[in-house]
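The values are calculated or read from the model by the stated rules, or taken from the named source; none is laboratory data. Here the structure is a predicted model, which is why all the values come from computation and not from measurement. For neighbour counting, all protein chains shown are included, and Cβ atoms are generated from backbone atoms with ideal geometry for every residue, glycine included. Protein only, heavy atoms only, side chains kept; ligands, DNA and RNA dropped before computing areas. Shrake-Rupley method; radii C 1.70, N 1.55, O 1.52, S 1.80 Å.
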Amino acid sequence: MSVCQTCGACCASFRVDFHPVELAGGAFAWGQGVPVEMTVPVTPAIVRLCGTDASPPRCVALAGEVGVAVSCSIYDVRPSPCREFDVEHAACNRARQRCGLAELPRS
Ligand code: SF4
Ligand code: SF4
């Protein structure tokens with residue numbers, strides 16, 4: 001099990017915005033694309049994953065318990081910001097800290 005599967009902090013910390021072309025049926029969708037019903041429109045050029053601007057934030061697609069065991073229910077079709085974020089991202093430890101999890105060591 002990867003550290004991310006026992007974490008999920010980034011999915012419960014940050015707004016996740018992306019272009020509507022990545023939605024289901026969009027020209028640049030990954031696979032089937034992000035389900036439209038999991039998003040809210042922000043501007044004509046931006047949609048947001050539901051729950052990521054809640055207080056506290058939590059993406060509607062996140063399953064499980066943060067810091068214990070999590071999974072992304074739309075992993076294969078998740079949008080580009082999610083694909084670009086991993087343990088190497090500078091904000092990874094910020095998210096972990098925010099969720100009360102230990103920082104990961106940096107090399
Ligand atoms: S905050 Fe870091 S360790 Fe946690 S799921 Fe996101 S990328 Fe993985
Ligand atoms: S779509 Fe998946 S990877 Fe992206 S924020 Fe939501 S739960 Fe996390």
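Structure data summary
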item: Order by protection proxy (mean Cβ within 10 Å, highest first), peptides 39-52, 91-104; result: 39-52, 91-104
item: S13 accessible area, 1.4 Å probe, all protein chains in place, Å² to nearest 10; result: 10 Å²
item: From phi via Karplus (6.51, -1.76, 1.60), per-residue ³J(HN,Hα) for segment 58-65 in Hz, x at Gly/Pro; result: 6, 4, 4, 8, 7, 10, x, 10
item: Shape of segment 57-107, Cα gyration tensor, a/c cut at 1.5; result: oblate
item: Estimated 222 nm signal from helices in the chain, with DSSP H stretches of n ≥ 4 weighted -39500 (n - 2.57), rounded to 500; result: -2500 deg cm²/dmol
item: The chain: relative contact order as a whole-number percent, Cα under 8 Å and 6+ apart; result: 33 percent
item: Solvent-accessible area per residue for the chain (1.4 angstrom probe, square angstrom); result: 59 Å²
item: Where Rh is the Kirkwood radius over Cα pairs, Rg/Rh for the chain; result: 0.97
item: Segment 36-49 - phi-based ³J(HN,Hα) in whole Hz, Karplus 6.51/-1.76/1.60, Gly and Pro as x; result: 4, 5, 8, 10, 10, x, 10, 9, x, 10, 9, 10, 10, 5
item: Cα centroid separation, segment 60-79 to segment 1-49 (Å); result: 11 Å
item: Residue-by-residue Karplus 3J(HN,Hα) for segment 81-90, coefficients 6.51, -1.76, 1.60, Hz, glycine and proline x; result: x, 6, 5, 8, 9, 8, 5, 7, 5, 4
